[in-house]
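Structure first, then comments.
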Amino acid sequence: MRRLRTCIVGTGYVGLTNAVALAYLGHEVVCLDVDQAKVAMLSAGKIPIFEPHLEDLLASSRERMTFTTDYAQAIPKADVVFIAVGTPTGEGGAPDLRYLQAAAKSVGEHLGEGFTVVVNKSTVPIGSANWVEAIVRDAFQRRAGEKKGTFAVASNPEFLREGSALHDTLYADRTVLGADDQRAVEVLSELYRPITDQTFEPLPYLPRPAGLTTSRLITTDLASAELIKYAANAFLSLKISFINEIAELAERVGADVVQIAEGIGSDARVGRSFLQAGLGWGGSCFGKDTAALLATGREYGLEMPIVKAARDVNWRQRQRVTDKLLNELKILKGKTIGLLGLAFKPFTDDLRDAPALDIAARLLERGASVRVHDPVAMARVKSDGKLAVHFCESAHEVAEGADALVLVTEWPEYRRLPWESVAKSMRNPLILDGRNALEQQQLTKAGFRYIGMGR
Ligand code: UDX
């Protein structure tokens, strides 16, 4: 394997996971971020996000990693430069590309003498690769003196899930490479070969899935790679919203959506995953990417009613918590409601677009007093200071004297609570299982009135 020199611009989830994974595979990695504090933290071996095993793998790959804020140090020697900066939602749903633009300009100003592949790793609108190309070229050409180097831009969208980011990177279902330049495809194929051929030594804490011998590499043109990312996230979003819509009907006709999901998911054409009904999706990707897809559609005069409906159904799921509690408790004013979980899903401290925040705000609006607990995400809500909720040290404290509990994030520790004593400690032992993650029979036996989502 040829050891390639890579630079990753942006040390968020995507950038950092890829940096650590590439270093583990044997490549040299320079992580570049404009945030001095982040760079200092990473240099000290600490990671600024909560992601299982990332810090461990950083420790074992440190010798091939450096951290800097300086483009002049990082870019000239790199064979491959990944741009993995944030692209938050801007006005009208389209992503804000300021950081991408600034990064592309700085990369262009510092390109070295050889051939460099500049890779768009951030989720960016269709056509961004051409735009980045133009920015890099412009900055490169403005440089004084002789310019010997050449470059090509490629698109390499990211499909990792938070909480299993390293697993999804090392054991990727597929790697998508979009490029118009064959040399770029060759360099990136070489870079990813240990993954596509699965030749790296698996880690004890990240064993290779049984039967995985190769991981697919899909090469496309630039625009297709860009659209693959949006289409993949939109499809997953609508799968979740579809099962949530069926869940609502199931509830009305007296059926159980968990059994329905099993029944339809067993059809290989449908597939079992992403059919878990509940409070719907949150996180940094689905909401942002479906909004961006709609914005792109609008730009080209195309309505996208399916994507729009997936979003509408998703926001409705959050409203359903208040509706269900109102139905059970009649009056929420003065009642104490406990929320178990704040993060948008387990194994992350990420609160971006987390259903819990919306649900808490709606309950507070109705005059309820809200108690919350999360094993890792509480500090962020506390420091934000926007929600007037009561932060609890444990699930027990959340439950004590409460009128209802809502399971918002299915952290494993919540599945194993001593339910009998939890029920006894409540004023009213009512539980709304917002993720259909608990054992209905066990809870009923423990003295709870159990309500699920679509059961
Ligand atoms: C997602 C995509 O899965 C990933 O490929 C992409 O790169 C980024 O966006 P992520 O946001 O980390 O990843 O989380 P994911 O595990 O996909 O879950 C997203 C949300 O959907 C969570 O809030 C989760 O609770 C919810 N979800 C997921 C459901 O409600 N039901 C399901 O069946 C699956």
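Rule-based calculations on the coordinates, nothing more; no lab input. Just so we're clear, the structure is a prediction, and the values are computed from it rather than from any experiment. When we count neighbours, we look across all protein chains shown, and the Cβ atoms used for this are built from the backbone with ideal geometry, even at glycine.
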### Task
Please list the non-local residues whose amide H lies under 5 Å from the amide H of Cys7, H modeled 1.01 Å from N, same-chain partners needing a gap of 5 or more.
Val30, Val80, Val81, Phe82
### Task
Compare the Cα positions of Ser266, Val370, Gly287 along the charge dipole of the chain (+1 at Cβ of Lys, Arg; -1 at Cβ of Asp, Glu; about the Cα centre) and return the one farthest towards the positive end.
Val370
### Query
Hey, got the dipole for segment 154-276? About the Cα centre, +1 on K and R Cβ, -1 on D and E Cβ, debye to the nearest 20?
200 debye
### Query
In whole Å, what are the Cα extents of segment 329-393 along the three principal axes, biggest one first?
34, 19, 19
### Message
Considering only C-alpha atoms, what is the centroid distance from segment 215-242 to segment 27-55, in Å?
### Response
28 Å
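Quick test of the membrane-span-like rule: which DSSP H helices of the chain reach at least 24 Å along their long axis (C-alpha atoms) with mean Kyte hydropathy at least 0.5?
TM-like helix candidates: 222-253.
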## Note on the structure
Shape call for segment 367-414, from the Cα gyration tensor axes a ≥ b ≥ c (a/c under 1.5 means rounded, otherwise prolate when a/b beats b/c, else oblate), comes out oblate
### Task
Compute the distance in nm between two label points, each set 7 Å from the Cα along the Cα-to-Cβ direction, one at Ser266 and one at Asp197.
4.1 nm
### Message
Antiparallel versus total DSSP beta bridges in segment 18-140: what percent is that, nearest 5?
### Response
10 percent
### Task
At a Cα cut-off below 27 Å, give the lysines reachable from Lys148, other chains included and same-chain residues fewer than 8 away excluded.
Lys77, Lys105, Lys121
## Note on the structure
Heads up, segment 303-455 by the C-alpha gyration tensor (a ≥ b ≥ c square roots of eigenvalues; a/c under 1.5 rounded, else a/b over b/c prolate, else oblate) looks rounded
### Message
Can you find, among Tyr300, Gly45, Val253, the residue sitting farthest towards the positive end of the charge dipole of the chain, where Lys and Arg contribute +1 and Asp and Glu -1 at Cβ?
### Response
Val253
### Summary
Taking every DSSP bridge whose two residues both lie in the chain, the antiparallel percent to the nearest 5 is 10 percent
#### Entry: Lysine pairs with alpha-carbon atoms under 22 Å apart, segment 211-334, spacing 8 or more or separate chains
7
### Task
Please report, in debye to the nearest 20, how large the charge dipole of the chain is about its Cα centre when each Lys and Arg carries +1 at its beta carbon and each Asp and Glu carries -1 there.
640 debye
### Summary
Diffing segment 151-158: the Karplus 3J(HN,Hα) column from phi (6.51, -1.76, 1.60, θ = phi - 60°), in whole Hz with x for Gly and Pro, holds 8, 9, 9, 10, 10, 9, x, 10
### Query
What is the Cα centroid distance between segment 323-338 and segment 431-455, reported in whole angstrom?
17 Å
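Using the eigenvalues of the Cα gyration tensor, what equivalent ellipsoid semi-axes result for the chain when each is taken as the square root of five times the eigenvalue, whole Å, largest first?
43, 23, 21
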### Message
Please give the Cα centre distance for segment 59-104 versus segment 384-403, rounded to the nearest Å.
### Response
38 Å
